[in-house]
Amino acid sequence: MAKPARAPRPKPPPARASARRLLGLGGLGVAAAAYVGVDYLRYLSPAWHGRLQPALWAALALAAAARAPFYRHWSAELRAALPFLGSIAFMLAAFLCEAISVRFVSAVMGLHWHGTAAPLPDTGQWLLLSLNEKLPQSVVDLLRAHIITLHHYLMLFIMLGFSVLFDCIKAPGLGIATRYMFTMAIGRVLRTITFIATILPSARPWCAAARYQIPQHPHPWAQKYYVPYASDSNAIRRVITHDMAYAAVQAYPDEYRPDWGRMSFLVDILRPTPGEGPSWYHLLKKASGGCNDLMYSGHMLVAVLTAMAWTEAYGGWISVAIWLLVLHSAQREVRERHHYSVDCVAAIYVGILLWRMTGFIWSARDLTRARRLAKLEEIQSRLVHAAKDSDIDEIRGLLKEVELAGQEKQGFSQRAILTFAAGTIIFTLSCVLIAFTMTSDG
């Protein structure tokens, strides 16, 4: 009796595909966790931190540079370059408006107000102080630990963007970078509108005296429209009734008004003092995070956008870990009184909603399959007719059209793509090196 023929064994995948699949399944998450863990060694063992951190970054940079020549989507990256540059310009403009507004809300009430205004009651702060009394000391120490800060979230996103070279996320990498920066710029604009609308006292009353040289007295606008009605309930009732500022303004020192040329209109907004430098730009460099409560937290917005990008583009256990780190950062912002609890809560849901709204810029969904299905529906009648006629050449030609419908359109010469690829790698690695150097202290 003849033995049944054995089915041929499937051939093992090529080594390069196996390595790429291994990296996609967990290698990127391990690299991200290693980056955060090695950087935390600065607190546990500075000597090992000094050895391992340069080695880790050198390994990641060499891996990216070695993989770049084999990357298949440089034409898509080139098409995404202009929107990417536009998002950078938009984000820088948003940061400029935010810096001007931060200085304004910090200076408008004067230094005396900063020192005397009581912080707002924050139930989140009360909860954390209560937990400190009930939780084990090891847990409290973990909650207090500076495991991750702003520059870590930025670097985690850069690592996610570079992982496109290894096909860990959907191309183009500049597409997700464009979405990230555009969303952040929108978030910064909304944040600026929010915190400039109502001036809230800082949770750290000593901040302004330590950071700024602003005048002691309030701005002329506050002298007229706020100070006379700040504490007198009868005055408040009367101004509500008449809807007009009626009280006489007290005598205050004159405002310092330097000559900034075309930028002199900023004098009333920035409130400079003689010892703060010769130009408006020097004041903005010192604006930092401000000394009022800025609704909502900009640090938490960056953290949430990073977590959303990882969740959509990569997923897996590392995305869950990043969300846990986001929650850790939120409680530490409240614990250390950098923000009130409402600032962190608002930043979380604003970041999630904004990321969901900007999916038109870049999305992890595979559009090639949709294009192929659309092309298949278009040629369906021709394909059926060719099958009835047993026209093999016609069938092959139609299936080739379906395959080509899912491929990227080149549109650029090979030389232009190679030049762009080399320039992009050099520019991006240089930016990463500069950012790493400037934020190495957290």
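The values are calculated or read from the model by the stated rules, or taken from the named source; none is laboratory data. All values derive from a computational prediction rather than experimental measurement. Neighbour counts are summed over all protein chains in view; Cβ atoms, including those assigned to glycine, are modelled from backbone coordinates with ideal geometry. Heads up: the accessible areas ignore ligands, DNA and RNA and are worked out on the full protein's heavy atoms, side chains in. Shrake-Rupley method; radii C 1.70, N 1.55, O 1.52, S 1.80 Å.
Computed quantities for the displayed model
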| read-out | value |
| --- | --- |
| Cβ-Cβ FRET estimate between A93 and W206, R0 fixed at 35 Å, reported to 0.05 | 0.60 |
| Lys/Arg +1, Asp/Glu -1 at C-beta; the chain dipole; positive extreme among L96, S163, W48 | S163 |
| C168, C97, ranked by accessible area, largest first (probe 1.4 Å) | C97, C168 |
| Dipole moment magnitude, nearest 20 debye, the chain about Cα centre, only Lys, Arg, Asp, Glu C-beta charged | 1420 debye |
| Normalised contact order of region 173-272, rounded percent, pairs of Cα under 8 Å and 6 or more residues apart | 22 percent |
| Stretchable slack from A422 to A68, in nm (0.36 nm times residue separation minus alpha-carbon distance) | 126.6 nm |
| Cα-based helix-to-principal-axis angle, 81-107 vs the chain, degrees rounded to 10 | 20 degrees |
| Inter-site label distance for S233 and Q216 at 7 Å from Cα along Cβ, in nm | 3.1 nm |
| Farthest toward positive dipole pole in region 190-278 [+1 Lys/Arg, -1 Asp/Glu at C-beta], among P218, T241, S264 | T241 |
| Over region 48-185, relative contact order from alpha-carbon pairs under 8 Å, at least 6 apart, % | 55 percent |
| Helix 316-335 vs. the chain, principal-axis angle (Cα, 0 to 90°, nearest 10) | 0 degrees |
| Probe 1.4 Å, accessible area per residue of region 177-253, Å² | 58 Å² |
| GNM top mover of E77, E378, E255 - the chain, alpha-carbon springs below 10 Å | E378 |
| Relative contact order (%) - the chain, alpha-carbon pairs under 8 angstrom, separation at least six | 24 percent |
| Residues S279 and W126, FRET efficiency given R0 of 51 Å [Cβ-Cβ distance, rounded to 0.05] | 0.70 |
| Of all accessible heavy-atom area on region 266-344, the percent that carbon and sulfur account for (1.4 Å) | 67 percent |
| Förster-model FRET efficiency, 25 Å R0, I193 and E336, C-beta, rounded to 0.05 | 0.45 |
| Of all accessible heavy-atom area on region 149-220, the percent that carbon and sulfur account for (1.4 Å) | 70 percent |
| Distance (nanometres) between label positions extended 7 Å along Cα→Cβ at A145 and L44 | 0.7 nm |
| Approximate spin-label separation Y246-S138, in nm, with each point projected 7 Å along Cα-to-Cβ | 6.7 nm |
| Segments 39-49, 173-183 sorted - mean Cβ within 10 Å per residue, highest first | 173-183, 39-49 |
| Principal-axis tilt of helix 367-378 within the chain, Cα atoms, nearest 10 degrees | 50 degrees |
| Sum of -39500 (n - 2.57) over DSSP H runs of 4+, divided by residues of the chain (222 nm, nearest 500) | -20500 deg cm²/dmol |
| Alpha-carbon centroid distance for the pair region 143-190 / region 54-100, whole angstrom | 10 Å |
